[in-house]
Amino acid sequence: AKVHHHDFVVQATPVKRLCKTHNSITVNGMYPGPTLEVNNGDTLVVNVVNRARYNVTIHWHGVRQMRTGWADGPEFVTQCPIRPGGSYTYRFTIQGQEGTLWWHAHSSWLRATVYGALIIRPRKGDSYPFPKPKRETPLLLGEWWDANPIDVVRQATRTGAAPNVSDAYTINGQPGDLYNCSSKDTTIVPIDSGETNLLRVINSGLNQQLFFKIANHKFTVVGADASYVKPFTTSVLMLGPGQTTDVLITADQPPSRYYIAARAYASAQGAPFDNTTTTAILEYKSANCQTKCASIKPVRAIMPAFNDTATATAFTTSFRSPRKVEVPTKIDHNLFFAVGLGLMNCPRGSRSRNCQGPNGTRFAASMNNVSFVLPSNFSLLQAHQQGIPGVFTTDFPGAPPVKFDYTGNVSRSLWQPVKSTKLYKLKYGETVQIVLQGTSIFTAENHPIHLHGYDFYIVAEGFGNFNPSRDTSKFNLVDPPLRNTASVPVGGWAVIRFVADNPGVWLMHCHLDVHITWGLAMAFIVEDGVGELQTLEAPPADLPVC
Ligand code: C2O
């Protein structure tokens, strides 16, 4: 196995999009950032130098980080941020994962421009469990703001209102030709007639689930979140932020140009159509298109509607592991997490500049009514490992304080989450089931729930209130998919299972950045087991301090 050394310089770089030039925070001057390519079993050593004027950390989304929790990256969870002028070297080994992951800043909203693909090929000498494709193309779906994304989130935090939505969606950093000033830079994916291309699709957007489609072509889905899946065909994908999907496409159509498009799904804002579709172009090399072969009209016609939950569900429920897997059946911790928004009442008389949410409130979000607050003087992992008191408590509730009808009109008294830093403790090797129930408070949304340091099996999903006596019998305990981010359906629930075999402190959160900003997060402590292989490694000497 190889050791790959990389330098990531985080810096302000002029980037021109939508007719304007912005000083954006980038890695090595690139937007999106560099693609890392490794083989399963390889080690990555990435020296991150912060030349920007913001704190930064880098998270290796989906990498299991077995015993290397210090390299995971979420700020104030596994490390203090890298201050301007500082640096930190992330070291970790890819163990058993193959497919597509990605990396992104895990500090404020910096990941809007600080992100890139992480491609993990089979071990040297091993091959894909499908015919080797002629080409491979990473496609990063993203969001672009005309304003500085850090200012956007700061304003939302100050006012209590919802943040501004992005000004464009992007594919490999380009908005595509439905947007102003973007046509000539539209991302082109070349292909030859008859050829098969492996597309590694990543939703690196901040706040939006996306449908993804290519005109006139079908996908064979072969992987997701760096695990292979039982191949299935579909004409449309749906990815929540954080999720990746690997698909094969074959150039079996008349040589031409075909639109590749992503469009917002389940937008809380109701998604004005024209602003929520981004395009790239699949171009057959033999087509010799001097002018555009594809027109805008077909894109509008082919994309599902922004509220097409039936299409989204048909896709997310098609995933299976390639073969029978070992799902934990004896459950040590049977947890129920109610996830969703809340509204904080403002004290009477203070309904002013910082209470601009609905009816003079402030937006919040919670898990089991706890709105998560990050510490500021220690990382949680450091506090746990060194036994520093007063940084967090370990009383995160395994169930909501009151259960209610999550599909109904929810009483205002239940909308008030409590702000605190509560963790949930697991012993090494224990088994966990979590029912993730969307509360639909204020608005029904899809929540892409991401667990750091782990992959989990999604054994079931459904709509309405989770009902153990009705729904448990439908669990797939034979070949459920292994993921790191679960799309909890709009107005519904998902059930996940995992074994706590990786010691450390691991954040679990909604991957919509607006929701994590509002507190839709918690963290697990997984205690060390017995013996060296069950123990978190010592912290690196250059670990940033707060
Ligand atoms: Cu990709 Cu905590 O995130």
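Which residue, of ALA168, ALA162, is touching a Phe, Trp or Tyr at 6+ places or on another chain (Cβ under 8 Å) and farther than 22 Å from ALA12 by Cα? Break it down stepwise before answering.
Values: ALA168 fails: farther than 22 Å from ALA12 by Cα.
Unique residue meeting the criteria: ALA162.
Here are some conditions: (1) open to solvent by 30 Å² or more (accessible area, probe 1.4 Å); (2) modelled with pLDDT under 95. TYR179 meets all but one. Which one does it not meet?
TYR179 satisfies every listed condition except (1).
So in the stretch 96-112, with the set limited to residues that are of a type in the set (Ser, Thr, Tyr) and in a loop (DSSP other than H, G, I, E, B), which one is farthest from the ligand (Cβ to nearest atom)?
Step one: list which residues in the stretch 96-112 are of a type in the set (Ser, Thr, Tyr), which gives 100, 107-108.
Checking the rest, the ones that are also in a loop (DSSP other than H, G, I, E, B) come to 107-108.
Values: SER107: 11, SER108: 13 Å.
Within the stretch 96-112, the match that is farthest from the ligand (Cβ to nearest atom) is SER108.
Going by the structure shown, is PHE404 without any contact (Cβ under 8 Å) to a residue 24 or more places away in the chain, more than 21 Å from ARG158 (Cβ to Cβ) and not in a helix (DSSP H, G or I)?
Working: without any contact (Cβ under 8 Å) to a residue 24 or more places away in the chain: yes; more than 21 Å from ARG158 (Cβ to Cβ): yes; not in a helix (DSSP H, G or I): yes.
So PHE404 fits the description; yes.
With open to solvent by less than 10 Å² (accessible area, probe 1.4 Å) and either farther than 24 Å from GLN243 by Cα or modelled with pLDDT under 95 (or both) as the only criterion, which of ASP542, ASP471 stands out?
Details: ASP542 fails: open to solvent by less than 10 Å² (accessible area, probe 1.4 Å).
Answer to the selection: ASP471.
With respect to VAL459, determine if the residue is open to solvent by less than 10 Å² (accessible area, probe 1.4 Å) and either touching a Cys at 6+ places or on another chain (Cβ under 8 Å) or away from the ligand (no atom under 16 Å from the Cβ) (or both).
Details: open to solvent by less than 10 Å² (accessible area, probe 1.4 Å): yes; either touching a Cys at 6+ places or on another chain (Cβ under 8 Å) or away from the ligand (no atom under 16 Å from the Cβ) (or both): yes.
When the stated conditions are applied, VAL459 passes them.
Looking for whichever is under 30 Å from ARG154 (Cα atoms) and within 16 Å of the ligand (Cβ to nearest atom) here; the options are VAL514, VAL545. Which one fits? Walk me through it before giving the result.
On the way: VAL545 fails: within 16 Å of the ligand (Cβ to nearest atom).
Result of the check over VAL514, VAL545: VAL514.
Just checking, does the stretch 105-114 include any residue being at pLDDT below 95 and either touching a strand residue (DSSP E or B) at 6+ places or on another chain (Cβ under 9 Å) or surrounded by 23 or more Cβ atoms within 10 Å (Cβ to Cβ) (or both)? Walk me through it before giving the result.
Taking the stretch 105-114 as the starting set, the residues that turn out to be at pLDDT below 95 are none.
Within the stretch 105-114, none of the residues are at pLDDT below 95 and either touching a strand residue (DSSP E or B) at 6+ places or on another chain (Cβ under 9 Å) or surrounded by 23 or more Cβ atoms within 10 Å (Cβ to Cβ) (or both).
Based on this model, can you work out whether LEU477 counts as open to solvent by 30 Å² or more (accessible area, probe 1.4 Å), hydrophobic (A, V, I, L, M, F, W, C), assigned to a helix (DSSP H, G or I) and not assigned by TED's automatic domain parsing to the domain that holds ASN207?
For LEU477, the condition - open to solvent by 30 Å² or more (accessible area, probe 1.4 Å), hydrophobic (A, V, I, L, M, F, W, C), assigned to a helix (DSSP H, G or I) and not assigned by TED's automatic domain parsing to the domain that holds ASN207 - is not met.
Could you pull out the residue among PRO138, PRO133 that is part of a loop (DSSP other than H, G, I, E, B), touching a strand residue (DSSP E or B) at 6+ places or on another chain (Cβ under 6 Å) and of a type outside the set (Gly, Ala, Ser)?
On the way: PRO138 fails: part of a loop (DSSP other than H, G, I, E, B).
Testing whether each residue is part of a loop (DSSP other than H, G, I, E, B), touching a strand residue (DSSP E or B) at 6+ places or on another chain (Cβ under 6 Å) and of a type outside the set (Gly, Ala, Ser) leaves just PRO133.
Sort out for me the strands (runs of 3 or more DSSP E) sitting completely within the stretch 1-95 that have 2 or more residues that are at pLDDT 95 or above, out of contact with any Pro (no Cβ under 6 Å at 6 or more places or on another chain) and under 28 Å from ASN502 (Cα atoms).
Working: elements: 3-17, 20-27, 36-39, 43-50, 58-61, 87-93.
Where strands (runs of 3 or more DSSP E) fall fully within the stretch 1-95 and carry at least 2 residues being at pLDDT 95 or above, out of contact with any Pro (no Cβ under 6 Å at 6 or more places or on another chain) and under 28 Å from ASN502 (Cα atoms), they are 3-17, 36-39, 43-50, 58-61, 87-93.
Does THR93 qualify as being in the same structural domain as ASN23 (by TED's automatic domain parsing) and either away from the ligand (no atom under 13 Å from the Cβ) or surrounded by 17 or more Cβ atoms within 10 Å (Cβ to Cβ) (or both)?
Details: in the same structural domain as ASN23 (by TED's automatic domain parsing): yes; either away from the ligand (no atom under 13 Å from the Cβ) or surrounded by 17 or more Cβ atoms within 10 Å (Cβ to Cβ) (or both): yes.
Here the answer is yes, as THR93 does meet what is asked.
Looking at GLY242, GLY223, GLY205, which is the one that is more than 16 Å from the ligand (Cβ to nearest atom), assigned by TED's automatic domain parsing to the domain that holds ASN164, at pLDDT 95 or above and open to solvent by less than 10 Å² (accessible area, probe 1.4 Å)? Let's see the steps before the verdict.
Numbers: GLY242 fails: more than 16 Å from the ligand (Cβ to nearest atom); GLY205 fails: more than 16 Å from the ligand (Cβ to nearest atom).
Only one candidate passes the filter, namely GLY223.
Out of the residues in the stretch 52-90 meeting the condition of being open to solvent by 10 Å² or more (accessible area, probe 1.4 Å) and under 17 Å from PHE524 (Cα atoms), tell me which one is farthest from the ligand (Cβ to nearest atom).
Across the stretch 52-90, the extreme among qualifying residues is ARG67.
Looking at ASN368 and the list (1) farther than 30 Å from ALA224 by Cβ; (2) touching a strand residue (DSSP E or B) at 6+ places or on another chain (Cβ under 9 Å); (3) crowded, with 17+ Cβ neighbours inside 10 Å, which single condition is not satisfied?
Here ASN368 clears every test but (1).
For the stretch 157-171, how many residues meet the condition of being under 18 Å from HIS511 (Cβ atoms) and open to solvent by 10 Å² or more (accessible area, probe 1.4 Å)? Please lay out each step first, then the result.
Step one: of the stretch 157-171, the residues under 18 Å from HIS511 (Cβ atoms) are 162-163, 165-166, 169-170.
Among the residues that remain, those that are also open to solvent by 10 Å² or more (accessible area, probe 1.4 Å) are: 162-163, 165, 169.
The number of residues fulfilling the criteria is 4.
Restricting to the stretch 128-145, and then to whatever is of a type in the set (A, V, I, L, M, F, W, C) and out of contact with any helix residue (DSSP H, G or I) (no Cβ under 8 Å at 6 or more places or on another chain), can you tell me which residue is farthest from THR35 (Cα to Cα)? Lay out the reasoning, then the answer.
At the first step, the residues of the stretch 128-145 found to be of a type in the set (A, V, I, L, M, F, W, C) are 130, 139-141, 144-145.
Still in the running and out of contact with any helix residue (DSSP H, G or I) (no Cβ under 8 Å at 6 or more places or on another chain): 130, 139-141.
Values: PHE130: 23, LEU139: 11, LEU140: 10, LEU141: 14 Å.
Step by step, filter the stretch 128-145, then rank; the result is PHE130.
The values are calculated or read from the model by the stated rules, or taken from the named source; none is laboratory data. Small disclaimer: the values here were computed from a predicted structure and weren't measured. Reconstructed Cβ throughout: ideal geometry from the backbone, glycine too, with neighbour counts over all protein chains shown. Surface areas here come from the heavy atoms of the whole protein model, side chains and all, with no ligands, DNA or RNA. Shrake-Rupley method; radii C 1.70, N 1.55, O 1.52, S 1.80 Å.
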